[in-house]
Amino acid sequence: MPTIHRPRRGSLSYSPRKRAKKEVPHITTWLRSDEIALQGFAGYKAGMTHVIAVDNKRNSLTEGMEISIPVTVIEVPEMKVAAIRGYMKDTYGRKVIGEAWAEEHDRELTKRLTLSKNSSTKDQLGKLQHLIEEGTITDITAIVHTRPNKVSGIPKKKPDIMECGISGSDIKARFEYAKSVLGTAVKISDVFKNGDIIDVVAITTGKGTQGPVKRWGISLMKNKHSRAGSLRQVGNLGPWCPAHVSWRVPQLGQTGYQQRTDFNKAVIKIGDAEKDGITPSNGFINYGIVRNEYVLVRGSVPGPVKRLIRLRHAIRAKEIPREQPILKVSLESTQG
């Protein structure tokens, strides 16, 4: 039976639908956990393939049988921890109170920002330590950056800088962990493992200016209205009074290139391209060859090929993490 009650088409929760300010997604919510570790990672989307695996989901119709699972291949070279950031809480919310940057950093990082040479890392860490002992600092995060120069499929050298949460219940233990990884490279295996449930955050594929039918999903005009030259237009712009068009009326405008979060995706496999190849026989279309570590995520993820994809531990997981027994990874040509 068709849906009878449908008061409007399209969601207003993302309005105004405008272009994202940056291609690097911004994450403010992280999973609360007692385990001290980094809460996220980032990589570059290479393409899609499928794997043949054994269905180990309980009470499934295909439990114990071989099934085909579509997966997205994300190349995840090691990331570097560039700085530690401390936050405090005041009347107006949370604000940055101090940072400590590593003494040694990649040369490519200077192409993205200018680092101060007046203060030393030791002094900055001492200031953060003093503020933690006073109880002023309430949260510790890490500033990390990617290494696109290690990815042959990405035509850029400037790193993408982002903030990553650090889990743990004790602020002092989190600070000690942050100091231990400051200035070092972190791998995907240090953050996630096979079977984990994650959230994927990315900027969607941009489609430019589109009409209300594609942008909002409204119905096509029927019969005489469509023959009058108004097939793909909205039927009504609103009432006579008030004498203005409401922002709730579906109209044409920017479509795509907006930050979206895909919840509860499963990590099917984390591998190394040097040990077990993942690139199809003809390479990934518009990307090329995967040469570093990679992660296979169940299903599709937002964004086009070469887009930066951020991963974090699922903040509202609905299933228990379980490792999927993989029998075969398809390496067939994707060009037909």
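The values are calculated or read from the model by the stated rules, or taken from the named source; none is laboratory data. None of these values were measured; they are calculated from a predicted model. Here the Cβ is made from the backbone with ideal geometry for all residues, glycine too, and neighbour counts use every protein chain on show.
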(message) For the list (1) closer than 25 Å to Ala202 by Cβ; (2) modelled with pLDDT of 95 or more; (3) of a type in the set (Val, Ile, Thr), I need the number of the one condition that Thr28 fails.
(response) (2)
(message) Among the residues in the range 32-47, are any touching a strand residue (DSSP E or B) at 6+ places or on another chain (Cβ under 7 Å), in a strand (DSSP E or B), touching a residue at least 60 places away in the same chain (Cβ under 8 Å) and basic (Lys, Arg)?
(response) yes
(message) The conditions are (1) surrounded by fewer than 16 Cβ atoms within 10 Å (Cβ to Cβ); (2) touching a strand residue (DSSP E or B) at 6+ places or on another chain (Cβ under 9 Å); (3) not aliphatic (A, V, I, L, M), and Ser246 fails exactly one of them. Which is it?
(response) (2)
(request) State yes or no: is Thr110 assigned to a helix (DSSP H, G or I), surrounded by fewer than 17 Cβ atoms within 10 Å (Cβ to Cβ), at pLDDT below 95 and not assigned by TED's automatic domain parsing to the domain that holds Lys318? (result) yes
(message) Tally up the residues in the range 237-268 that are in a loop (DSSP other than H, G, I, E, B) and more than 28 Å from Val76 (Cα to Cα), please.
(response) 16
(message) Restricting to the range 193-234, and then to whatever is of a type in the set (A, V, I, L, M, F, W, C) and either in contact with a Phe, Trp or Tyr (Cβ under 7 Å, 6 or more places away or on another chain) or not in a loop (DSSP other than H, G, I, E, B) (or both), can you tell me which residue is farthest from Gly126 (Cα to Cα)?
(response) Val213
(request) Test Asp160 against the stated conditions and say whether it is within 27 Å of Ile285 (Cα to Cα), in contact (Cβ under 8 Å) with a residue 24 or more places away in the chain, not hydrophobic (A, V, I, L, M, F, W, C) and not assigned by TED's automatic domain parsing to the domain that holds Lys95. (result) no
(request) Kindly list the number of the only condition in (1) surrounded by 15 or more Cβ atoms within 10 Å (Cβ to Cβ); (2) assigned by TED's automatic domain parsing to the domain that holds Asp199; (3) not basic (Lys, Arg) that fails for Leu61. (result) (1)
(request) Quickly run through the range 59-95 and pick out the residues that are β-branched (Val, Ile, Thr) and either assigned to a loop (DSSP other than H, G, I, E, B) or under 23 Å from the mean Cα position of the chain (by Cα) (or both). (result) Thr62, Ile69, Val71, Thr72, Val73, Ile74, Val76, Val81, Ile84, Thr91
(message) Based on this model, can you work out whether Thr141 counts as outside the structural domain of Phe284 (by TED's automatic domain parsing), touching a residue at least 12 places away in the same chain (Cβ under 8 Å) and surrounded by 19 or more Cβ atoms within 10 Å (Cβ to Cβ)?
(response) yes
